[in-house]
Structure formats: structure tokens, C-alpha cells
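Comments concern the structure below.
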Amino acid sequence: MSYLQPYVRQLRPRTENYIPPVDKIQDLLITETVGERGVAYEREVHAAIKAAKVPGLFAGGKPTTAAYSNQGEGDIEATYQGQKFNIEVKLNKDAQMGGTSIRIDVDADTYVLVNPDAVDEDAIPFFLETAKIKKQAIKDYIDFIRKQEPLEFHKDKSHAIPFGSVSKSAWVAAQKAGLLAKLNAVISFDNTKNIAKTYNRKNVYYIEIGKAGLFYLGKNPLKLNVPEFKGSVNIEFRLRPSGSKNKKLDGETIKVVGATYSCIGRFKTKISSPYTLSKVEDIEELFGVK
């Protein structure tokens, strides 16, 4: 078991013959923390820090784009009396941490995010750990598909892993065998200490959460009067079919189904802080100038 100590909850399986249509791309790539709404809140926090009349407090550069969050040491790189005050910013207590799909080769034990730029950089380890937890379920699916007719079509593992095409009949058979449901899960990493370490590695010790306020992560180097962050990172892992189409094979037409293995991260917490960095008066009181 990974040091991240996850808790796994299986998702409710689909009706056995159901093949959903292609999900809209935003279903996979929506990310509030690095998306437009997240950047808007980052700018709100940045503006409040800049407007606060606190000697020695500087807001740093203004967040400009969705990609800004994956660069540097924090969403906001402020300083206070010469000390770093790097801040992770989440839109709310249920903020998305990004989403993509993942390619897995269980034989080579490799796990690759298809679009890592669509995921919070800090969340990538959680996404990869999630995939590793599902390794046996993926292997069971691959082994099953390879034994399905037409054998010639399914023998190549590029057709067997959840990212290639399989015959619709093989897909339905895998559903009936319960193998697809086993690939779907919500995995929760609720070890607060290790979540803090993930951010601390890039010198981020504070997190601002919309409608919850400011918290410290593991350590409180500025000794601010805010509580420690306690929460979890949830990764939803789901095999997503891309519909069916006809394919010619040895002069015959068969229906094939494509799929991606998608993973969407979500930040979860129920805590509250007496101070928020989105309000000038809170910032001034927090730093003792009111």
C-alpha cells in the first residue's frame, strides 16, 4: 500500500449493456483551481493582500492565466518582512484539482498522465498512486479481453488496455463479468501530514480556501494565528467508453468500442478559519495592524 494511505470506494456500476456517449471534454479537464474561476479567486486574494496596509507585506506577481498555478512556488508568491509567504489558493471546500486520462502498461508497470497540464502539479502524485491501486483490476480486464473473440483482434495488448478498441461483444461480456465496475472507484487520500508534505516540497506552507479562509500546511513559519489544514484529496477513477463504430476485420464487419481511463481530482475539507486573505480587514487584523 502506498505511503499516501488511500481509502477506496467503488463507484456504482452502470447497467450491464449501457455504453454512454463521449463525455464533453470539460468533464475531463475542468479544474477550478487552475481554471478561470480559480484564477479569478486568486486575483481577488492577490488584490486584497496588495490593498492591505501591512508594513512589510508584499503580494508578489499577479496571477494571470490558468497555467500560472503550475509554475513557481505557489499560486501567490507573497513575502512578509523578507520571508516567503507562498500561498496555495483553492476556490472552495470542494475544489477541482484537475482531470485527465491515464495510460497504463501493467506489464511494464508504467503510469502516464495523458495531459498533465490539466492537473494541479501538486495533485499528480495522488493521480498516479490512484492508478497503481487499480493495477490488478486493469490486469484482470486485459486478461479477460485477450480471451474474447475475435482472438486475433484482441491478442495485441494495445487493443486490450482501457485506451484502445475492443469488440462491443467483448466489452459487454466484461461488463457482465463485473470487470468494468471494478475499474471505477473514488480513492480518498486523507493523510493530512502527507498532503502538507506535497505542498511543503515547493515551499508552500499556507492554503487559502474560498468561504473557509486561511490555514497553515504542516508548519507555520510566519506563526500566524490560523488553524492547521485538515482535509483530503479525492480521485475519481472511471473507465469512459467513447461509443461504438464499425470496423472491417478479415472481410467481416464488427462493432468496436473505444475507451479512456479518466481520473478527476477533488480537494475536500470541512474546516473553517477565523481569517481569510480575500478580505483586507481580515489581513490587517491577522498581521496585527488593527
- Which members of segment 106-137 meet the condition of being within 24 Å of Ala174 (Cα to Cα), touching a Phe, Trp or Tyr at 6+ places or on another chain (Cβ under 8 Å) and part of a helix (DSSP H, G or I)? Thr130, Ala131, Lys132
- Message: So, in segment 77-129, exactly how many residues are within 30 Å of Pro55 (Cα to Cα) and over 20 Å from the mean Cα position of the chain (by Cα)?
- Response: 10
- Message: Any residue in segment 138-154 that is on the phi < 0 side of the Ramachandran plot sitting within a Cβ distance under 9 Å of a residue that is among the β-branched types (Val, Ile, Thr) and part of a helix (DSSP H, G or I)? List the pairs, counting only those 6 or more apart or interchain.
- Response: His154/Ile145
- Message: Restricting to segment 206-245, name every residue that is modelled with pLDDT of 90 or more and in a strand (DSSP E or B).
- Response: Tyr206, Ile207, Glu208, Ile209, Gly213, Leu214, Phe215, Tyr216, Leu217, Lys219, Glu228
- Hey, Ile264 hydrophobic (A, V, I, L, M, F, W, C), part of a helix (DSSP H, G or I) and in contact (Cβ under 8 Å) with a residue 60 or more places away in the chain or not: no
- Message: Quick check on my filter: what residues within segment 189-231 are surrounded by fewer than 18 Cβ atoms within 10 Å (Cβ to Cβ) and under 19 Å from the mean Cα position of the chain (by Cα)?
- Response: Asp190, Asn191, Thr192, Lys193, Asn194, Lys197, Asn200, Arg201, Lys202, Lys230
- Task: Could you list all residues from segment 267-284 that are in a loop (DSSP other than H, G, I, E, B) and touching a helix residue (DSSP H, G or I) at 6+ places or on another chain (Cβ under 9 Å)?
- Result: Pro274, Tyr275, Thr276, Leu277, Ser278, Lys279
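The values are calculated or read from the model by the stated rules, or taken from the named source; none is laboratory data. Quick caveat, the model's predicted, so the values are computed rather than measured. Here the Cβ is made from the backbone with ideal geometry for all residues, glycine too, and neighbour counts use every protein chain on show.
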